[in-house]
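J.: Here it is: the structure, laid out below.
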Amino acid sequence: MSTVYNLKREAEKPARLTGGHRLCAGCGAGIVVSGVLRALDKEDRAVVVNATSCLEVSTFMYPYTAYMDSYIHSAFENSAATCSGVIAAYNALKRRGKVEGTVKFITFGGDGGTYDIGLQSLSGAMERGHDMVYVCYDNEAYMNTGIQRSSSTPHFARTTTTPVGSVGQGKKQNKKDLTEILVAHNIPYIAQTAPIGNFKDLHTKSYKAIYTKGPCFLNVLSPCPRGWDYPTEKLAEVAMLAVDTCVWPLYEVEEGVWRLTYIPKKKLPVEDFLRLQGRFRHMFQKGNEWMIEEAQAYVDQKWERLLERTGA
Amino acid sequence: MNNCLSGNEAVAYAIKQINPDVMGAFPITPSTEIPQYVAQYVADGEVNTEYVTVESEHSSMSVCIAAQAAGARSVCATSSCGLALMYEVLYVAASCRLPITLACVNRALSGPININNDHSDSMGARDTGWIQIYAENNQEAYDNFLMAVPIGEAPSVRLPVMTCMDGFITSHAVENIELMETDVVRKFIREYNPENYLLKKENPLAVGPYDVSPYYMEHKVLEAEAMKAAKARILEVTAEFEKISGRHYGLFEEYRMEDAELALVLIGSSAGTAKAAVDKLREDGIKAGLVKIRVFRPFPSEELARALAGTKAVAVMDKSEGFSANGGPLFAETRSALYDLKERPYLIDIVFGLGGRDVNTEDIEKLFGRLANIAVTGEIGPVYTHMGQRSKEEKA
């Protein structure tokens, strides 16, 4: 199959995540998941693995599944181990002549299930080298339980466990850089992407991840209208601004080689991204200018480092 | 085949003969040797099991769950805190109706940390929906593991099975053991051919839904019904096993219970010590007997009530502390089982052997002495005491 991206051709493929799931309007997760699954070649089967998450409770509520492929959910922190188990069965049954054809293995976890509680399981699975893709749909907080902070939540963001008050100013710490932690695992392919524009970046990286042998990891920014507090119709805009402000740079690391896959024509100020979201509203109050300055300085520092690493 | 094997090696040998599709492997004392032996079988090409060396017991069980759901026969082994780390997903395994086989080498739970034997690990998992079968010795550990496969996989059951043996006492002691021929084992356990599984081409399957109130209870009742059905299946399998091995097993073993007036109820390797004490007391004309529980889940309630119906006084010996302030888990089950008898024996609970504290024949004889006294006077004294602990005056 040609890897030259063609949105029309991709969109004409039968959907593997069907409509009728219960994700919110304006949620990034459904778009991310259908975008990743669309990268599968038509003739290939897949087993989808899912950590407990918004995605899980919204796409497989008994007795309805939104997936056309086989699917398994076990618990919150074990999706990578669960995928390892399915792959172990595949290898064993293949060896014993009990399974035919190609089956691909794709795991989806939120940032809570990936950055936090599922990190050990993920690290183990990556180290063991199972032929899987792990996709973190990163919406930067525990949204399923009602917007609690995770280690992925960015500095200053308001969540229900980092509220803004007379003393509190949102989350005190910076976001964990999970993508770099995965790079340290020396796996064949790691990428950071987001559902923007015509989804070429998401598609191309998904295809690479699915069809590269060995463990691959995608970190996909997945805006959440409830937690980020933006109008549902602004989903695409929010995602685009995250990328154009370099808050969420798009890059990949293939066999240890870093490469930027998108360089904004004009790097926008970080406040353009922050302003659209209620979770950062307090940063725009008089006297809080330092917060925006700090946020900008952090983004600039990370971006410079990335430019160095990628040689861009 | 006659052999001399430790309990761990016996179970590993059973795994070799089963040649499971998948094994989740993670070390913990005293079960570590089981995955170690299997690793060597894999390295020597004696099995072609997919051997997954995970980073925790939680992942070990998660691998087994997923592999079994994907259509593979899976096994693993663990002990103590390892089993405790699995608790969450033990429920997932049972509720997804996945007949995984797990060898639990019983060891005390932390804290404080202690590597020796008691039953607090598997007793903590008694309500997870797993079938639990306990061994007295190496032979039983081997036989139980083999029988676990056709028990759990039966369509009427479809539940995971935990076979338990006492850490070190059974797992590390080398005993004479009779092994079956591998082709006989294979015929006995049969091919694993589940109806539906993730990798089945014709029919994609979704496993592990978000189950809402209108359905959850129905699913739990189905699981409970499966556990009830397991009792008949266990007896079917033990009967089949007797034909090929000559060894007879029931839900529990009754030792000199025909006319027993004083009896013990206990689990595991301490049965050997208790049998020796019973023999000695019988020589002295005391009508002592023993019930060794083999199957704790499903609990053989009616059968146990019948076995104890003729006794005058019974001591339940719990090798775990339940912290219920009302006795250990075996006591709770036994007392409940006896409730429907018209005439009930006096009943006491002795918690013993925690963290590897030894129990010997004199301790058991002394306990029978207490039972004899209760039978005569009707004075029970404290219902629930601890045997062999030093800080207070020993009550048992």
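J.: On average, how many beta carbons from a partner chain sit within 10 Å of the beta carbon of a residue in B:139-146?
T.: Details: counts 0, 0, 0, 0, 0, 0, 0, 0.
Rounded to a whole number, the mean comes out at 0.
J.: How big is the gap, in Å, between the Cα center of region A:27-50 and the Cα center of region B:214-286?
T.: Result: 50 Å between the Cα centres.
J.: With bins 5 Å wide starting at 0, give me the P(r) of region B:307-350 over every alpha carbon pair, in whole percents.
T.: Histogramming region B:307-350 at 5 Å steps yields 5, 24, 33, 20, 11, 5, 0 percent.
J.: Using Cβ contacts closer than 10 Å as the measure, can you line up B:SER324, B:SER270, B:SER391 from fewest to most? Could you put the intermediate results ahead of the total?
T.: Numbers: B:SER324 11, B:SER270 25, B:SER391 5.
Ascending number of Cβ neighbours within 10 Å: B:SER391, B:SER324, B:SER270.
J.: Using a Cα-Cα cut-off of under 22 Å, which lysines could be cross-linked to B:LYS287, ignoring same-chain neighbours fewer than 8 residues away?
T.: B:LYS275, B:LYS312, B:LYS342, B:LYS366
J.: For helix A:235-244, report the angle its Cα long axis makes with the longest principal axis of the Cα atoms of chain A; keep it between 0 and 90° and round to the nearest 10°.
T.: Taking the Cα atoms of chain A, the angle to A:235-244 is about 70 degrees.
J.: Sort by residue number and name the cysteines in chain A that have no neighbouring cysteine Cβ under 4.7 Å.
T.: A:CYS54, A:CYS83, A:CYS136, A:CYS216, A:CYS224, A:CYS246
J.: Any chance you could give the angle, 0 to 90 degrees and rounded to 10, that helix A:200-211 forms with the longest Cα principal axis of chain A?
T.: Roughly 40 degrees, rounded to the nearest 10.
J.: Also: Run a plain Debye calculation on region B:232-329 (Cα atoms as equal point scatterers, no solvent) and give log10 I(q)/I(0) at q = 0.24 Å⁻¹, rounded to two decimals, same order as the q list.
T.: Calculated log10 I(q)/I(0) at the listed q: -1.29.
J.: For region A:7-310, with the dipole built from +1 on Lys and Arg beta-carbon atoms and -1 on Asp and Glu ones, taken about the Cα centre, which of A:GLY20, A:LEU178, A:ASN198 lies farthest toward the positive end?
T.: Of the options given, the answer is A:GLY20.
J.: Let me ask another. Using a Förster radius of 25 Å, what is the FRET efficiency between A:GLN301 and A:ALA184 based on their Cβ-Cβ separation? Nearest 0.05, please.
T.: Values: r = 19 Å, r/R0 = 0.78.
Approximately 0.80, to the nearest 0.05.
J.: Among bridges DSSP assigns within chain A, what percent are antiparallel (round to 5)?
T.: On the way: 13 of 39 bridges.
Of those bridges, close to 35 percent are antiparallel.
J.: Grab the other residues whose beta carbon is less than 11 angstrom from that of B:ASN3, score K and R as +1, D and E as -1, and report the net. Please report the intermediate quantities before stating the final value.
T.: Numbers: positive: none; negative: B:GLU9, B:GLU175, B:GLU178.
Overall, the nearby charge balance is -3.
J.: Quantify how strongly other chains surround peptide A:56-69 by giving the mean number of their Cβ atoms within 10 Å of each of its Cβ atoms. Display every interim value, and only then the final one.
T.: On the way: counts 3, 3, 1, 3, 6, 5, 11, 4, 3, 5, 1, 2, 1, 4.
Per-residue shielding by partner chains comes out at 4.
J.: Taking every residue in B:67-80, how many Cβ atoms of other protein chains lie within 10 Å of its Cβ, on average?
T.: Working: counts 11, 2, 8, 15, 7, 11, 3, 4, 0, 0, 0, 0, 0, 0.
Per-residue shielding by partner chains comes out at 4.
J.: So for region B:2-245, if I pair up every lysine 8 or more residues apart or on another chain, how many of those pairs have alpha-carbons under 30 Å apart?
T.: The result is 17.
J.: A further question on this structure: Take every DSSP beta bridge with both residues inside the protein assembly as shown and express the antiparallel ones as a percent of the total, to the nearest 5.
T.: In the protein assembly as shown, DSSP labels about 25 percent of beta bridges as antiparallel.
J.: Per the Cauchy relation, a quarter of the hull surface: what is the mean projected area of the convex hull of the alpha carbons in the protein assembly as shown, in nm²? Before the final figure, lay out the partial values.
T.: On the way: hull surface 140.5 nm².
Computing the convex hull of the Cα atoms and averaging its projections yields 35.1 nm².
J.: Shifting gears a bit: Take A:TRP290 and A:ALA236, extend 7 Å from each Cα along the Cα→Cβ direction, and tell me the distance between the two endpoints in nm.
T.: 4.1 nm
J.: Here's something else I'd like to know. Just want the ordering: A:LEU274, A:LEU7, from fewest to most Cβ atoms lying within 10 Å of their own Cβ. Let's see the in-between values first.
T.: Numbers: A:LEU274 23, A:LEU7 13.
In increasing order of surrounding Cβ atoms, one gets A:LEU7, A:LEU274.
J.: Using a cut-off of 9 Å between beta-carbons, work out the net charge of the residues near A:SER151 (Lys and Arg +1, Asp and Glu -1, A:SER151 not included).
T.: Working: positive: A:ARG149, A:LYS175, A:LYS176; negative: A:ASP111, A:ASP116.
Summing Lys/Arg as +1 and Asp/Glu as -1 gives +1.
J.: Can you list the DSSP H helices in chain B whose Cα atoms extend at least 27 Å along the helix axis and whose mean Kyte-Doolittle hydropathy is -0.5 or higher?
T.: On the way: long enough: B:213-245 (47 Å, -0.25).
Span-like helices, by this rule, are B:213-245.
J.: Rounded to two decimal places and with Rh computed the Kirkwood way over Cα pairs, what is Rg over Rh for region A:7-310?
T.: Details: Rg = 18.9 Å, Rh = 19.6 Å.
When Rh is taken as the Kirkwood radius, the ratio is 0.96.
J.: Continuing with the same structure: Show me the ranking of peptides B:2-14, B:95-107 by mean Cβ neighbours inside 10 Å, starting with the highest. Mind showing how you got there, number by number?
T.: Details: B:2-14: 22.8, B:95-107: 27.3.
So the peptides B:2-14, B:95-107, ranked by packing, come out B:95-107, B:2-14.
J.: Once the convex hull of the alpha carbons of region A:114-259 is built, what does its volume come to per residue, in cubic angstrom?
T.: On the way: hull volume 16.3 nm³, N = 146.
So the per-residue hull volume is 112 Å³.
J.: Taking the Cα atoms only, what angle lies between the long axis of helix A:289-310 and the longest principal axis of chain A, rounded to 10 degrees?
T.: 40 degrees
J.: Sorted from largest down, what three extents in whole angstroms do the Cα atoms of chain B have along their principal axes?
T.: Between the extreme Cα coordinates on each principal axis of chain B lie 70, 52, 44 Å.
J.: Still on this structure, I have one more. Could you check how many percent of all C-alpha pairs in region A:231-303 are farther apart than 21 Å? Mind showing how you got there, number by number?
T.: On the way: 872 of 2628 pairs.
Above the 21 Å cut-off, region A:231-303 has 33 percent of its Cα pairs.
J.: With each run of n ≥ 4 DSSP H residues scored as -39500 (n - 2.57), what mean residue ellipticity at 222 nm is computed for the protein assembly as shown after dividing by its residue count and rounding to the nearest 500 deg cm²/dmol? Can you show the working numbers first?
T.: Working: 22 runs with 268 residues, N = 708.
The helix contribution divided over the protein assembly as shown gives -12000 deg cm²/dmol.
J.: While we're on this one: Rg and Dmax of region B:92-241 over Cα atoms: what are they, in angstrom?
T.: 17.3, 54
J.: Shifting gears a bit: Starting from the Cα of A:LYS94, step 7 Å along the direction of its Cβ; do the same at B:VAL383; then give the gap between the two resulting points in nm.
T.: A separation of 5.9 nm, rounded to one decimal place.
J.: Cβ neighbours within 10 Å, averaged per peptide: list A:14-21, A:81-88 in order, most packed at the top. Let's see the in-between values first.
T.: Numbers: A:14-21: 14.8, A:81-88: 32.0.
Top to bottom by mean Cβ count within 10 Å: A:81-88, A:14-21.
J.: Determine, for each peptide in A:40-47, B:315-322, B:339-346, A:159-166, the mean count of other beta carbons within 10 angstrom over its residues, then list the peptides with the highest first. Walk me through the numbers before you get to the answer.
T.: On the way: A:40-47: 16.6, B:315-322: 25.2, B:339-346: 12.1, A:159-166: 14.2.
Going from most to least packed, we get B:315-322, A:40-47, A:159-166, B:339-346.
J.: On a straight-distance basis, which aspartates and glutamates could pair with A:LYS13 in a cross-link, Cα separation under 16 angstrom, same-chain partners fewer than 8 positions away excluded?
T.: Output for A:LYS13: A:ASP41, A:GLU43, A:ASP44, A:ASP69.
Taken together, the values in this text are just the output of simple stated rules run on the coordinates, not laboratory data. Note that the coordinates shown come from a computational prediction; the quantities given were computed from them, not determined experimentally. Every residue, glycine among them, receives a Cβ derived from its backbone with ideal geometry; neighbour counts consider all protein chains shown.
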